[in-house]
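Derivation of every value follows stated rules applied to the coordinates shown; laboratory data play no part. This is a predicted model, so every value here is computed, not measured. Because the Cβ atoms are built from the backbone with ideal geometry, glycine has one as well, and the counts that use them run over all protein chains shown.
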Amino acid sequence: MFTLHCTAKLRERIKRPLIKQKLPSTTLLGDWYGTALYWKPQLALLVNERTLMPILLPLAPVNTLPERLGPAVAALLHRYGMALPLIERELAAMAEIEIAKTSNRRVVGTMNEFAFQASVYRERMGATDLAGLSMRLAETPCGAIGYNSPDRLMLEVVSRTHH
């Protein structure tokens, strides 16, 4: 179980009830934050609260976005060479999703910066591969995590927890 903290523009698109009381996440990576990017085609930018790891996904169909995040995280972990049992555990833990408002300004600020950077990569470099663009963003040093990059922090979190 985890919580997807959505910006107002994403919440109005998803149209799901918000949780009354937040429960702790049972996933290794913890909760995720999301916003809508009104590009053509429209995208969702999802950022992990613990590591700031970004994932870009098609926004449509928006009603399935929360359920598509788990498989996207599994694919991400696979791209970074994580062991299959770890990937399967994270995917299973992500099967139950709660929706909430954003509450961590650090993550929201990073998400806004990633949205800007992604638009620059897309416009100036013609980057359209969402997985490649997500991995490019993940290499960005972020002040909110001590100028580490989300990809390195994610690998540190996973190795500390499962070795």
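For every residue, the table says whether it meets (1) among the hydroxyl-bearing types (S, T, Y); (2) buried (at least 22 other Cβ atoms within 10 Å of the Cβ); (3) not in a strand (DSSP E or B).
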| residue | (1), (2), (3) |
| --- | --- |
| R16 | no, no, yes |
| K20 | no, no, yes |
| S25 | yes, no, yes |
| T51 | yes, yes, yes |
Quiz item: Quick one: would you say A100 is more than 15 Å from L45 (Cβ to Cβ) and over 16 Å from the mean Cα position of the chain (by Cα)?
Solution: no
Exercise. Could you tell me whether L57 is within 18 Å of W32 (Cβ to Cβ) and either among the hydroxyl-bearing types (S, T, Y) or in a helix (DSSP H, G or I) (or both)?
Key: no
Self-check item: Residues located in segment 50-75, provided they are aliphatic (A, V, I, L, M) and in contact (Cβ under 8 Å) with a residue 24 or more places away in the chain
Solution: L52, M53, I55, L56, L57, L59, V62, L65, L69, A72, V73, A75
Quiz item: Does E123 qualify as being in contact with a Ser or Thr (Cβ under 9 Å, 6 or more places away or on another chain) and among the acidic types (D, E)?
Solution: no
Quiz item: Does segment 145-162 contain at least one residue that is without any contact (Cβ under 8 Å) to a residue 12 or more places away in the chain and over 21 Å from G30 (Cβ atoms)?
Solution: no
